[in-house]
1. Can you find even one residue in the range 129-142 that is in contact with a Ser or Thr (Cβ under 9 Å, 6 or more places away or on another chain), open to solvent by less than 10 Å² (accessible area, probe 1.4 Å) and assigned to a strand (DSSP E or B)?
2. I need a count of the residues in the range 291-330 that are open to solvent by less than 30 Å² (accessible area, probe 1.4 Å) and not in a helix (DSSP H, G or I).
3. For the range 239-263, which positions are open to solvent by 50 Å² or more (accessible area, probe 1.4 Å) and either farther than 26 Å from Phe128 by Cβ or not basic (Lys, Arg) (or both)?
4. Can you find, within the range 262-280, the residue that is farthest from Tyr143 (Cα to Cα) among those that are in contact with a strand residue (DSSP E or B) (Cβ under 8 Å, 6 or more places away or on another chain) and part of a loop (DSSP other than H, G, I, E, B)?
5. Restricted to the range 22-58, and to residues that are open to solvent by 40 Å² or more (accessible area, probe 1.4 Å) and touching a helix residue (DSSP H, G or I) at 6+ places or on another chain (Cβ under 6 Å), which residue is nearest to Tyr77 (Cα to Cα)?
6. Are there any pairs, at least 6 apart or on different chains, whose C-beta atoms fall under 6 Å, with the first in the range 280-300 and farther than 19 Å from Ala172 by Cβ and in the same structural domain as Phe128 (by TED's automatic domain parsing) and the second among the polar types (S, T, N, Q) and part of a helix (DSSP H, G or I), and if so, which?
7. Residues of the range 206-236 being outside any strand (DSSP E or B) and open to solvent by 40 Å² or more (accessible area, probe 1.4 Å), which ones?
8. Do any strands (runs of 3 or more DSSP E) entirely within the range 1-81 hold 3 or more residues that are over 15 Å from Ala122 (Cβ atoms) and more than 12 Å from ligand 1 (Cβ to nearest atom), and if so, which?
Amino acid sequence: MGERVLITGITGQDGSYLAEQLLAGGCEVFGMVRRSSTETFERIAHLRDRLTLVQADLLDQTSVLRALQQAEPVEVYNLAAQSFVPTSFSQPELTAQYTALGVTRMLEGIRTVDPKIRFYQASSSEMFGKALETPQNERTPFYPRSPYAVAKTYAHYLTVNYRESYGLFACAGILFNHESPRRGREFVTRKITDGVARIRHGLARELRLGNLDARRDWGFAPDYVRMMVQMLRRPSPDDYVIASGETHSVREFCEIAFARAGLDWREHVVTDPAFFRPAEVDLLVGDAGKARRDLGWEPTVGFRGLVETMVDADLARVAREVSGRQDGQR
Ligand code: NAP
Ligand code: GDD
């Protein structure tokens, strides 16, 4: 068996791709999962036999300590968080507990159990928020615009602080938006591609969205997850922006996604104020020059390829669901 690694948030989009990549690299992969009355293991179902799942919760320091003691990892990838920006406005306190203080618990756990453990923190381009310069790089000041982004900023600085205070091998990856067919369906990209598929198959007629003018730097999740591993395997810890360097609007995403299914987005997309945020991040675009130099960062999927991959996957999934229903009715 190879090196032991622990992933928090293994049931999420990134966690599932990271687990695949680390298993392929020969690691023994432990995943931290929280207790739930229904399992949320859909994204890792195909890996279950090859993973060891450890039950713990970011809200509970003792359980985090036990997870670290049980896994005895050389690397910890801290991906668990309340990651949806609108929920951070409706549940700001819980978001701070998971997304900010959860990181304190992980870092304290590492100091207690084994300070040699290498630690990856999932920082976010949302920290740039109302961006003070364009494009954004590792030196761009933060201006968070949501309780989620504020919590991530705390977590980011804490990671840097534990590196500087206690000499931990702690890295923060400042990742810009990354998507895939495994993206949660409430995030705008997947909401659009799922909506396109449902409209194409006659299950819906319209798609209600918020701010179509918002611009993001979108990439393909497996490309980004690869960089997490690269960061932890450098000779010394550092922080890196990972981004495509291109920015596109939600409207552009809609145009390409609907066209891929032979539809005109203007006939189906309805703007709904319910999906606007109390404070918006208008424009994100990253400068990943440092990652290109140090980590060999080179994305494999461009914007159009990403949109089309996601649409194709949702068209195929919804087609299977529709034919399953028809079989059931026969
Ligand atoms: P995601 O799909 O929302 O997954 C979040 C994960 O965190 C899930 O496995 C979830 O478990 C787990 N989790 C939430 N609260 C927990 C708790 N109290 N205890 C234990 N586990 C908990 O997120 P993602 O897109 O994979 O993103 C991974 C990380 O990167 C997140 O920290 C996110 O904020 C950050 N990030 C993401 C992006 C992006 O574009 N995707 C960009 C920058 C940073 P359940 O399955 O039980 O809910
Ligand atoms: N979710 C959603 N739903 N967003 C919408 C909608 C809608 O109906 N309509 C427009 N948008 C706009 C949002 O206002 C935002 O400007 C943009 O689409 C992207 O929203 P999300 O896909 O929800 O992602 P996010 O950028 O807020 O956050 C994601 O990326 C961050 C990295 O920058 C999440 O994955 C975060 O966890 C991550 O840190």
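1. yes
2. So the count comes out to 1.
3. Within the range 239-263, the first condition is being open to solvent by 50 Å² or more (accessible area, probe 1.4 Å), and the residues that meet it are 246, 251-252, 255, 259-260, 262.
Answer for the range 239-263, where residues must be open to solvent by 50 Å² or more (accessible area, probe 1.4 Å) and either farther than 26 Å from Phe128 by Cβ or not basic (Lys, Arg) (or both): Glu246, Glu252, Glu255, Ala259, Arg260, Gly262.
4. His268
5. Step by step, filter the range 22-58, then rank; the result is Asp57.
6. Cβ pairs passing all conditions: none.
7. Selection gives Glu206, Asp213, Arg226, Gln230, Arg233, Arg234, Pro235, Ser236.
8. 28-33
The values are calculated or read from the model by the stated rules, or taken from the named source; none is laboratory data. On a predicted model such as this, the values are computed, not experimentally measured, just so you know. With ideal geometry, Cβ positions are generated from the backbone for all residues, glycine too; neighbour counts draw on all protein chains shown. Side chains included, ligands, DNA and RNA excluded: accessible areas come from the protein's heavy atoms. Shrake-Rupley method; radii C 1.70, N 1.55, O 1.52, S 1.80 Å.
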